[in-house]
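Notes follow once the structure below has been shown.
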Amino acid sequence: MTRTKKLEVYCYGELVGFLAETPDHMIAFQYADSWLRNGFSISPLSLPLNSDVFVPPEKCRDRFRGLFGVFADSLPDNWGQLLLDNHLASIGINRSDMSTLDRLAFIGKSGMGALEYYPTKESDFRIDTLGLNYDQIAKECENILSSKDSDQLDVLFQLGGSSGGTRPKILLSENGKEWIVKFPSNQDPSYCGKREYDYSLCAKDCGIVMTDTDLINSSICEGYFKTERFDRHEGNKIFSITFAGLLEADFRAPACDYSTYFKLVQMLTKDNTFDKEQMYRVMCFNSLTHNRDDHTKNFSFLYTNDYGWRLAPAYDLTYSDTYWGEQTTSVNGKGIGILDSDLIKTGQDARLSKAFCKTCLEEIKDKTTVLSPYLEGNKQE
């Protein structure tokens with residue numbers, strides 16, 4: 001296979017710029033002249049809108065395969081990467097022979113967000129998602145996670161090969177909307193789908209903006225969590241970037257405090273009060289409901305010509321732990337033992353009123369009591 005050395009980046013059908021591999025295997029980027037005239041900065045902290053040739057900092061070599069974070073967002077995470085590697089092996093390509101640009105070319109037009117990469121090596125087969133057997137998909141996901149052969153590899157790769165996150169999932173279109181359906185990993189309890197659905201209902205009741213969610217029935221577990229994609233609307237793509245991509249932060253380890261998140265929201269949204277309040281609600285919700293996997297890739301911004309930069313709807317709100325036993329994102333410098341005063345101070349530091357912070361926190365405390373069976377460990381297999 002010929003190694004890809006250069007790719008064109010498109011967004012909304014317009015040429016954004018060019019990616020090229022440097023001699024030391026970093027991936028440089030330059031905006032196209034037409035995008036400089038009519039476009040926007042796709043990563044305001046790293047890629048200002050000018051004609052420079054941008055080369056990523058050294059930290060991006062290990063974190064993002066030598067890419068700027070905004071392009072690394074297009075690459076799949078653990079599950080999607082596993083599917084891509086297995087797919088490549090099935091067509092006789094060794095993953096060690098794949099360059100970073102090769103991987104982006106295989107993602108092509110199917111990545112999360114709105115960026116597309118050409119010339120694409122994206123597979124051209126299509127899967128009919130009507131009448132999917134979700135229990136069968138769950139079993140095939142389990143086979144792949146257990147390194148067993150699966151005769152549904154092509155189907156799974158087409159449905160989930162560009163997805164992020166650790167848990168198995170598929171991406172599908174249904175009733176004019178784009179959805180993500182999650183399946184249990186080997187370490188998940190059988191009720192994890194029901195749990196995430198319950199968390200989503202509770203989060204919405206707490207005033208947190210999320211896309212539509214649902215629970216798919218199953219005969220082998222308590223159901224599969226289904227959520228509408230926020231990077232798609234009425235068949236159109238919406239530009240998105242994760243906090244990890246924006247900050248070029250390592251999402252696999254504790255790297256940020258919520259104060260950093262608030263500063264990002266203030267900077268990009270021009271101090272939009274609603275978005276700051278949303279960040280405050282999510283911070284309180286995560287702290288109170290044991291969602292410790294609140295890393296930099298579980299928060300995103302959206303950009304549209306009509307509204308500019310806005311905080312994306314919340315996602316991945318569910319019970320989770322970390323091997324170090326603390327929040328991945330700290331609150332007022334604390335990863336554990338977080339007090340009401342820490343939450344309120346963080347909100348106030350972002351210029352939210354003390355009255356709002358106290359009232360909102362008490363409201364979320366009251367409404368999250370419905371999740372107590374999960375929090376107290378009373379939920380049994």
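Can you tell me the relative contact order of the range 134-232? Whole percent, Cα pairs under 8 Å, sequence separation 6 or more.
Details: 131 pairs, mean separation 23.9, N = 99.
After rounding, I find 24 percent.
The distance from the alpha carbon centre of the range 197-237 to that of the range 279-355 is 19 Å, rounded to a whole number.
Looking at the chain, the DSSP beta bridges with both ends there are about 95 percent antiparallel. If only the Cβ of Lys and Arg carry +1 and only the Cβ of Asp and Glu carry -1, the dipole of the chain around its Cα centre is close to 620 debye.
Ranking request for peptides 275-282, 214-221: highest mean number of other beta-carbon atoms within 10 Å first, then the rest in descending order. Let's see the in-between values first.
Working: 275-282: 22.5, 214-221: 14.0.
Highest mean packing first, the order is 275-282, 214-221.
Basic side chains Lys and Arg get +1 at the Cβ, acidic Asp and Glu get -1 at the Cβ, and with that the dipole of the range 194-321 about its Cα centre reaches some 160 debye.
When the range 134-232 is described by a simple charge dipole with +1 on each Lys and Arg Cβ and -1 on each Asp and Glu Cβ, the residue from F183, V155, C206 located farthest towards its positive end is C206. Go through (1) 32, 28, 18; (2) 38, 21, 18; (3) 31, 22, 21 and flag the label whose value is the computed semi-axes √(5λ) of the Cα gyration tensor in Å for this structure. Only one option fits the structure, namely (1). Count Lys and Arg as plus one, Asp and Glu as minus one, and take only other residues whose Cβ is under 15 Å from that of G245; the net charge is then 0.
Pairs exceeding 26 Å between alpha-carbon atoms, taken from K148/K297; K276/K334; K263/K334; K5/K109; K204/K297; K148/K182: K148/K297. Exposure proxy for F299, F239: other Cβ atoms within 10 Å of each Cβ, ordered fewest to most, give F239, F299. Projecting the Cα positions of G223, G39, A253 onto the charge dipole of the chain (unit charges on Cβ atoms of Lys, Arg, Asp and Glu, taken about the Cα centre) puts G39 furthest along the positive direction. As a proxy for reagent exposure, F230, F29 were ordered by neighbouring Cβ count within 10 angstrom, fewest first; the result is F230, F29. With contacts taken as Cα pairs under 8 Å at a separation of at least 6 residues, the chain carries a relative contact order of 13 percent.
Dipole magnitude for the range 134-232: computed about the Cα centre from +1 point charges on Lys and Arg Cβ and -1 point charges on Asp and Glu Cβ, it is near 200 debye. Let me have the 222 nm mean residue ellipticity of the chain computed from DSSP H runs of 4+ only, each contributing -39500 (n - 2.57), with the sum over all residues rounded to the nearest 500. It lands at -9500 deg cm²/dmol.
Laboratory data are not the source of any read-out in this text; all were calculated from the coordinates shown. Nothing here was measured: the structure is a model prediction, and the numbers come from that model. Counting neighbours? That spans all protein chains shown, and the Cβs are built from the backbone with ideal geometry, glycine included.
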